[in-house]
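Data block below; observations after.
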Amino acid sequence: MIERPTRTDALFAALAGITGFVGSYATAGYSRSFLMQPIDDFVINSTPGAISQWMIANVGEESHHFHRALSVLIAVTLLGVIAIGGMTVARRLDRRILGSVLAGLVSWGLVALLTGAPLLALGAAVPVLAFTAIGAAPAPAAPDHRRRRVVAASAGALGFVGLGFVTGNTFAGPSLDTGDAVPGASKADIDQRFQEARERELDLASTELPGLVSTIDEFFRTSISGFDPTVESEEWTLSVTGEVGTDAELTYDELTQMPVEHRLITLRCVGENLNGKKLDTAVWTGTPIRSLLDEVDPEGACGCVMIYGEDGYYVQFPVEALEDGFLAWGMNGQPLPRKNGHPVRVLVPGHWGETNVKWIQEIELLEEAEDGYWEERGWEGTGPVNTVAKLWDEGVTRLDDGRVELAGHAYAGTRGIDRVEVSTDAGETWAEAELSEPLPDEDVWRQYRYEFEPDDIHEVVVRAVDGEGTVQTEEQSGPAPSGATGWVHKTVTE
Ligand SMILES: Nc1nc2c(c(=O)[nH]1)N[C@H]1C(S)=C(S)[C@@H](COP(=O)(O)O)O[C@H]1N2
Ligand SMILES: [Mo]
């Protein structure tokens, strides 16, 4: 006779699933060894491009809650189903220990396989085993006792969850101590680049607007996975493969002994809204990539490369663009932080953010062009950036004398910014804004500032003109597929 799982079985299975999931977090922390990571990556990667595009444009950052919630649900369900299986075996064979050990083993195997971290997977397996064992125990005859058992088990699970979160937050998870100095770099040289930026910053009344260099904390992060990889610099290598004379491999030590430079470079994500905030600048320490490509002689290839990151990301674009690129291992005077690609990333001047592969692993010279990760999902974001002048809320400041200061950043990649124009009458008339002196690098933003006396309600419009004299296009479009266009409008009242 096959007994169907009862409601109490389902409850114990849920407790096993939840505690198993939290147990994985307790040992792995929010890292790539946490059970949620492979499942979340799977959910993200199997979401059709049309849906993710729509979510990015209409829901924005909040859309991450959806795939995360779904991943938690899938993970808990998987472990819960294993617990049900264990309870069924225990009852049918009348072997309670066998059933629970089996549930523990299967969940351990699954988590170890998915995360590649067998030892940490015990964090998930042990609670699954325990709650399967409790669930498989013969139910007491008296309803009161049955209820008491359920309450005690739930309370125990709740306590475990609390403890697991604290442990996962406090003790577990990867740590990359990136507080040291940048290899091969002199601090004085980096400080000098900061100084150059500071000297050119406009003296703004606005106190919250970023300056010409963003801090590491405020620098945006865009990653295909919610879980950034942990790559130790000693373990890192970069290989150049494909249609090359000889394959080349480079270690971190070899890389950081190459001629070092400190460049101010601005990054902008193609997926951001017109007046979005995925636009930032840092002082990057690294080396030009050209010498590396000269060595391998890209003769015979299609003229394009695929670059791969440790997180499974890949992007394809012309070798020509890469030749002006930069391999960076330092950011704002620190070794590259984990979120921005530790230990090494590539920076491609003037192109959309997606070409700047983080945790770079391999450069493949292709025979034929193939789509990259985002291009497979309908984006066209490997080319040069669109011109934009931002006017964030922090850029609108009422001065003591009743006038209003409008300030922001403008960026046009390597075309540079020639001027920024401001209209306070919805685009009828235009005036030129004050601009920060250009930074002595080729792919950077500029700050602008404009003051006016408000009377009544104003529709303020800003637009930039790039270094080639082209006015930022007025035509409005959303970010997909090739970057938002239009002019930023804002209503300012007296
Ligand atoms: N390996 C890897 N590199 C990546 C990405 C990624 O998901 N994985 N995202 C790209 C995108 S879309 C952008 S806009 C930039 C963002 O860089 P940041 O996170 O340092 O701001 O990194 C690019 N490089
Ligand atoms: Mo991006």
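Bear in mind these aren't lab numbers, they're just calculated from the coordinates by the rules spelled out. Here the structure is a predicted model, which is why all the values come from computation and not from measurement. Every residue, glycine as well, gets a Cβ built from its backbone with ideal geometry; the counts of neighbours run over all protein chains shown.
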>> For region 3-83, which GluC sites (Glu not before Pro) pass both filters: DSSP loop (anything but H, G, I, E, B) and at most 12 other C-beta atoms within 10 Å?
In response: GLU3
> Can you work out ³J(HN,Hα) from phi for every residue in region 282-287, in order, using Karplus 6.51 cos²θ - 1.76 cosθ + 1.60 and θ = phi - 60°, giving whole Hz and x for Gly and Pro?
Replying inline: 9, 8, 9, 10, x, 9
> Given a cut-off of under 8 Å on Cα pairs at least six residues apart, what relative contact order in percent is computed for region 281-405?
Replying inline: 27 percent
>> What is the angle, in °, between the Cα long axis of helix 7-28 and the longest principal axis of the Cα atoms in the chain? Nearest 10 is fine, range 0 to 90.
In response: 50 degrees
> Using +1 on the beta carbon of Lys and Arg, -1 on that of Asp and Glu, and nothing else charged, what's the dipole of the chain about the Cα centre, debye to 20?
Replying inline: 4360 debye
> Excluding THR491 itself, what net charge comes from residues whose Cβ is under 13 Å from its Cβ, given Lys and Arg +1 and Asp and Glu -1?
Replying inline: -4
>> Let me check against my output: what whole-number percent is the relative contact order of region 388-492, with C-alpha pairs under 8 Å and at least 6 apart?
In response: 29 percent
>> What distance in nm separates the two pseudo spin-label positions at LEU176 and SER154, each 7 Å out from Cα along the beta-carbon direction?
In response: 4.3 nm
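Rounded, prolate or oblate: which fits region 435-494, taking a ≥ b ≥ c as square roots of the Cα gyration tensor eigenvalues, rounded meaning a/c under 1.5, else prolate when a/b beats b/c?
Judged from the Cα gyration tensor, region 435-494 comes out oblate (a/c at least 1.5, b/c at or above a/b).
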>> How would PHE220, PHE171, PHE131 line up from fewest to most surrounding beta-carbon atoms within 10 angstrom?
In response: PHE171, PHE220, PHE131
> What 222 nm value per residue comes from the helices of the chain, counting each DSSP H run with n ≥ 4 as -39,500 (n - 2.57) and dividing by all residues, nearest 500 deg cm²/dmol?
Replying inline: -11000 deg cm²/dmol
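Relative contact order for the chain using alpha-carbon pairs under 8 Å, separation at least 6, rounded to a whole percent?
Details: 1072 pairs, mean separation 69.2, N = 494.
Relative contact order of the chain: 14 percent.
So how do GLU475, GLU421 line up by other beta-carbon neighbours within 10 Å, fewest first?
Working: GLU475 7, GLU421 21.
If I rank by nearby Cβ atoms, fewest first, I get GLU475, GLU421.
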> Distance from the Cα centre of region 351-386 to that of region 51-127, in angstrom?
Replying inline: 33 Å
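If neighbour count is taken as other Cβ atoms inside 10 Å, put LYS358, LYS277 in order from fewest to most. Provide the component values of the computation, followed by the final result.
Numbers: LYS358 24, LYS277 14.
Exposure proxy ranking, most exposed first: LYS277, LYS358.
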